[in-house]
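The values are calculated or read from the model by the stated rules, or taken from the named source; none is laboratory data. Treat the numbers as computed from the prediction; the structure is a model and nothing was measured. Because the Cβ atoms are built from the backbone with ideal geometry, glycine has one as well, and the counts that use them run over all protein chains shown.
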Amino acid sequence: MPDRSSRLSRTEPREIVELQQLKARQPDLAGAVDMQLALVDVQRRVQSRVPLPWIQADPAWLHAQQRAGRPLVRFGDIPLEWSDFRLALRRTADILHRHESLEPGEHAQIVALAREGNALEPLVSRWYDVSAGFTLSPEAERLPAGSPANLEQVLVLAIRPFLARCAEALAQRLDLSAWTHGHCPFCGWEPDFAVITSTGDRRLICGRCSAQWAFGAFTCPFCSNDDRTLVTSFTTRDNRYRVYGCDVCRRYIKAYDSRNAERPVMVSVDSIATLPLDAAAMRKGYQ
Ligand SMILES: [Zn+2]
Ligand SMILES: [Zn+2]
């Protein structure tokens with residue numbers, strides 16, 4: 001329906017329009033697109049209320065962290081408005097539950113956690129510190145025993161609008177060209193997507209804060225394997241997307257090839273458009 005899409009493009013953000021078009025083109029992805037549309041809506045609403053933080057960090061400390069391969073955003077730097085975070089947590093859990101990505105019991109536990117007065121804040125700060133690498137104790141568990149299996153996935157989505165603002169603020173101030181690690185320079189999380197730039201370089205995209213950083217085109221971000229003969233790469237027929245599978249650790253990452261593309265990478269869209277590639281990668285034995 002061209003009329004509808006041209007009307008949408010004037011009123012809706014680009015990623016919403018792209019998701020609607022993807023659903024029209026590939027009806028088999030409709031369920032995944034609908035869930036993503038709901039998640040994008042929550043994230044946009046929350047993020048519009050999060051101010052760009054002024055992160056008070058000593059430049060010498062920032063440089064030392066970078067040299068040590070440790071992240072730059074401390075938990076206290078995150079402009080977490082707890083009532084907004086609780087709402088984001090509940091809404092995210094509701095959406096995943098509605099789309100059968102969260103068991104009813106897990107959903108109930110997460111909603112109760114979001115409502116509880118005292119349990120949530122220490123749980124989130126500890127989870128962040130351990131997962132970012134600020135707490136280096138090898139026995140440190142990210143989440144308390146008995147936590148719902150998918151709690152981490154919900155936390156990642158709910159904290160993203162707040163953490164993305166931190167990465168945005170620091171990226172304006174810092175030169176990250178010396179960062180050569182596979183994990184995020186801002187929050188320490190793993191990349192969950194990548195983009196091939198117009199010059200053919202590869203940038204990784206953090207799965208938690210959405211920050212981007214340059215990384216070797218044929219190095220595995222998960223185990224640092226850089227033997228090109230041990231990285232299996234294949235593309236979609238239209239060359240729009242590429243998978244890099246590591247033959248050492250068996251993990252893989254997908255990338256959007258922005259060369260000759262009519263739009264920049266949009267992870268919310270491209271991660272759904274490439275669901276068939278996930279299936280292909282798993283058939284080849286990658287995880
Ligand atoms: Zn990050
Ligand atoms: Zn690897």
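Considering the stretch 223-263, the residues that are among the hydroxyl-bearing types (Ser, Thr, Tyr), crowded, with 16+ Cβ neighbours inside 10 Å and within 16 Å of ligand 2 (Cβ to nearest atom) include one that is farthest from residue 197 (Cα to Cα), namely 252. Whenever a residue of the stretch 241-252 is within 16 Å of residue 217 (Cβ to Cβ), its partners that are within 16 Å of ligand 1 (Cβ to nearest atom) and assigned to a strand (DSSP E or B), lying with C-beta atoms within less than 7 angstrom and at least six residues away or across chains, give the pairs 244/253. Checked against the criterion of being away from ligand 1 (no atom under 16 Å from the Cβ), surrounded by 15 or more Cβ atoms within 10 Å (Cβ to Cβ) and free of Cβ contacts under 8 Å to residues at least 60 places away in the same chain, the candidates 206, 220 yield just one match: 220. Of note, residue 57 does not satisfy the criterion of being within 28 Å of residue 181 (Cβ to Cβ) and crowded, with 17+ Cβ neighbours inside 10 Å.
Among the residues making up the stretch 246-275, those that are farther than 19 Å from residue 14 by Cα and within 19 Å of the chain's Cα centre (by Cα) are 251, 252, 253, 254, 255, 275. Residues of the stretch 168-209 that are modelled with pLDDT under 95 and among the aliphatic types (A, V, I, L, M): 169, 170, 171, 174, 176, 178. When restricted to residues that are surrounded by fewer than 17 Cβ atoms within 10 Å (Cβ to Cβ), over 21 Å from residue 261 (Cα atoms) and at pLDDT 95 or above, the stretch 9-37 contains 5.
Yes/no per residue for (1) more than 16 Å from residue 50 (Cβ to Cβ); (2) not aliphatic (A, V, I, L, M):
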position: 79; (1), (2): no, yes
position: 88; (1), (2): no, no
position: 92; (1), (2): no, yes
position: 130; (1), (2): yes, no
position: 136; (1), (2): yes, no
position: 141; (1), (2): yes, yes
position: 157; (1), (2): no, no
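Just one of the listed residues (142, 115, 160) is buried (at least 19 other Cβ atoms within 10 Å of the Cβ) and of a type in the set (Lys, Arg), and it is 160. If you check residue 225 against the conditions, is it touching a strand residue (DSSP E or B) at 6+ places or on another chain (Cβ under 6 Å), polar (S, T, N, Q) and not in a strand (DSSP E or B)? Yes: the conditions hold for residue 225. Residue-level check: of (1) outside any strand (DSSP E or B); (2) over 30 Å from residue 62 (Cα atoms); (3) more than 16 Å from ligand 1 (Cβ to nearest atom), residue 271 misses just (3). Under the condition of being more than 8 Å from the chain's Cα centre (by Cα), within 16 Å of ligand 2 (Cβ to nearest atom) and of a type outside the set (A, V, I, L, M, F, W, C), the residues counted in the stretch 191-213 number 1.
Would you confirm, using the coordinates I've provided, whether residue 255 is away from ligand 1 (no atom under 16 Å from the Cβ) and at pLDDT 95 or above? The answer is yes for residue 255.
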